[in-house]
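Notes to accompany the following structure.
The values are calculated or read from the model by the stated rules, or taken from the named source; none is laboratory data. If you're wondering where the values come from, they're calculated on a predicted model, not measured in any experiment. Cβ atoms come from the backbone with ideal geometry, glycine included; neighbour counts cover every protein chain shown. Keep in mind that these areas ignore ligands, DNA and RNA; they rest on the heavy atoms of the full protein, side chains included. Shrake-Rupley method; radii C 1.70, N 1.55, O 1.52, S 1.80 Å.
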Amino acid sequence: MPLLRSAFIALSQNSLLRRFVERSAPGRRMSARFVAGFRIEDAMTAATALHQQGFSVTLDHLGESVSTAVQARQAAQIYHWLLDAIAPSGLHANVSLKLTQMGIDLDPALALELVTALVRHAADAGNFVRVDMEGTQYTQATIDLVRRLHAAPENRGHVGIVIQAYLRRSADDIAGLLQDGIRIRLCKGAYKEPPSLAFPDKKEVDASYIALMKTLLKSGVFHGIATHDPAMIAATKDFARAERISPSAFEFQMLYGIRRDLQRSLAQEGYGVRVYVPFGDEWYPYFMRRLAERPANVLFLARNLLRR
Ligand code: FDA
């Protein structure tokens, strides 16, 4: 793993720096590059603007690794409010959440209770909850929880998961999830993992991504191909064309503020594009992972800060 990537991922877990930066005015200004604001209204404003440009969205209330049950319940409550705000809006919007935000480290039963209620709410509203994937200590627990929720007939099609192509186990995990018809977002993976669990080389990650993408596209279930990598996108389009899979059978997904040019051109070509829109005060770990993916972002941000 390149040194800078490791350094930024380590910084993303530094709680002292996090407390200082998240509240500072320059920090908040910087976060605007990748974060849509701090309140539900900000997220809905961003979602509306994206909708007008032909995108659907998934809204993420930023937060992870909560330390009390009260925080977990507050985070879940925000997602209930979000689902209520989306319902009458006419936007093509669903929500994405993290299990460490729902308190899985404190008490797995609490996370199950909170996510069960959210999926029930989404199902009643005809909407969808995506459970993001975090580090490998949570992979199995996340898969187990999503499969358990999806097994309830009323939840079918209303809860989905994320699979990371850098993990060696992902082909097996996908096979199990597809048996249940669960919707999957395929991404490369954003955490720091040992080579015993994750492919260390970009080439291997990319080869895994393409192989898994093909499995997903052939499955007949609607999945999200989440990447900004032009090579992965080209491989997906080529495969769909060769296999006569309609562009409406899957969607591309990208992060708010990243490769907006590519987002626009895919939408103009007629592909479904869903933008992942994060918002909230707790932007620091998410933001640092985005710097880890592309350390050149640091220069970009520094230039912007000096210009303002
Ligand atoms: P790659 O990292 O190879 O980058 C390809 C190109 O994309 C770069 O050359 C650059 O042009 C552009 N790019 C990528 N990242 C950029 C950045 N930060 N800033 C500017 N340009 C950038 N991960 C995870 O572990 N769990 C999850 O639940 C999710 N969820 C998720 C949702 C969605 C919608 C997306 C798009 C991504 C995720 N991820 C994620 C993150 C994912 O695992 C991965 O870290 C990033 O998407 C970067 O990988 P790429 O596929 O873009 O390719």
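Between R244 and S89, take the C-beta separation as r, use R0 = 41 Å, and let me know the FRET efficiency to the nearest 0.05. Rounded to the nearest 0.05, the efficiency is 0.75. Could you identify which residue out of D105, D124, D172 has the top mean-square fluctuation in a GNM of the chain using Cα springs shorter than 10 Å? The residue with the greatest mean-square fluctuation here is D172.
Simple spin-label estimate for Q74 and F20 gives 2.4 nm between the two label positions (7 Å along the Cα-to-Cβ direction from each Cα).
Among the lysines of the chain, pairs that are 8 or more positions apart or on different chains and have alpha carbons within less than 19 Å of each other number 12. The calculated 222 nm mean residue ellipticity attributable to helices in the chain amounts to -16000 deg cm²/dmol, summing -39500 (n - 2.57) over DSSP H runs of n ≥ 4 and dividing by all residues. A compact globular protein would have a Cα radius of gyration near 2.2 N^0.38 Å; the ratio found for the chain is 0.95. On the beta carbon distance between R294 and A151, with R0 = 30 Å, the FRET formula returns roughly 0.20. Computed from point charges on the beta carbon alone (+1 for Lys and Arg, -1 for Asp and Glu), the dipole magnitude for the chain about its Cα centre is near 1000 Debye. Residue ranking by accessible heavy-atom surface, 1.4 Å probe, largest first, among S24, S170 comes out as S24, S170.
Applying 1/(1 + (r/R0)^6) with R0 = 35 Å to the Cβ-Cβ distance of D229 and Q13, what FRET efficiency is obtained, to the nearest 0.05? So the FRET efficiency works out to roughly 0.90. By definition, a body whose alpha carbon gyration tensor gives a ≥ b ≥ c is prolate when a/c is 1.5 or more and a/b is larger than b/c, and region 225-265 fits this prolate description.
Please work out how much length the chain gains when fully extended from K214 to A302, using 0.36 nm per residue of separation minus the C-alpha to C-alpha distance, in nm with one decimal. Contour length minus the Cα-Cα distance gives 27.8 nm. Computed from point charges on the beta carbon alone (+1 for Lys and Arg, -1 for Asp and Glu), the dipole magnitude for region 168-307 about its Cα centre is near 360 Debye. Taking amide H as placed 1.01 Å from N in the peptide plane, R185 has its amide H under 5 Å from the amide H of I161, V162, I163, G224, each at least 5 places away in sequence or on another chain.
Please compute, over every Cα-Cα pair in region 135-275, the percentage with a separation greater than 23 angstrom. More than 23 Å apart: 34 percent of the Cα pairs in region 135-275.
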